[in-house]
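See below for the structure under consideration.
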Amino acid sequence: MDQNTLFIIVIVVMLAGMMFWQSHKAKQQQKKVKDFRESLQPGTEVITIGGIIGKVVSVDSKYEEIVIDSDGSLMRFTFRAISKEYVRPAYVDDSEVDEKGNPLPAENPVEAANPVEAVGSDQVTVATDATDATGAALMSGSGRDSTEPSATTGEADDPGTQDTGESRND
């Protein structure tokens, strides 16, 4: 055999091998996706190929349809529209990691559990979901009666108005 013929045979065998490998890999992936879609159960959080995130409400295997609930809206999709199971990614703020992405050590474990914000030079308050950084109530029923005088205006809160923090000079 001539070298050119041997070279062509090696190239053809390599191409055939790569084509077989690619098709085998694609079939494995298709089988994995098909098994996932067939195993969907109510309560599973999924994301569609369009990016809609919701919880599976019902599955109809006969017509290959699925109903998902996304923030109160019921939507019907085909199995092919479901991309994957949705897992909310973990979020870490940039201030909690160093420049390499490693978490910063907590200086005091008590500080990590109770966030403290400095409001003034001599006043410190703990911000919670019921108060803002100044300590003003954000929600009714959070400890201060709405008929008590406001700390900023000296007047009782009116449910229809918003407290701007400015005092009135009537």
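Quick note: the coordinates plus some simple rules give every number you see, no bench work behind them. This one's a predicted model, so the numbers in the text were calculated from it and none came from an experiment. Counting neighbours? That spans all protein chains shown, and the Cβs are built from the backbone with ideal geometry, glycine included.
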Report summary line: Filtering segment 11-49 down to residues that are part of a loop (DSSP other than H, G, I, E, B) and either without any contact (Cβ under 8 Å) to a residue 12 or more places away in the chain or under 12 Å from ILE66 (Cβ atoms) (or both) yields SER39, LEU40, GLN41, PRO42, THR44
Query raised in the report: Across segment 40-59, what is the number of residues that are surrounded by 10 or more Cβ atoms within 10 Å (Cβ to Cβ) and out of contact with any strand residue (DSSP E or B) (no Cβ under 7 Å at 6 or more places or on another chain)?
Result: 0
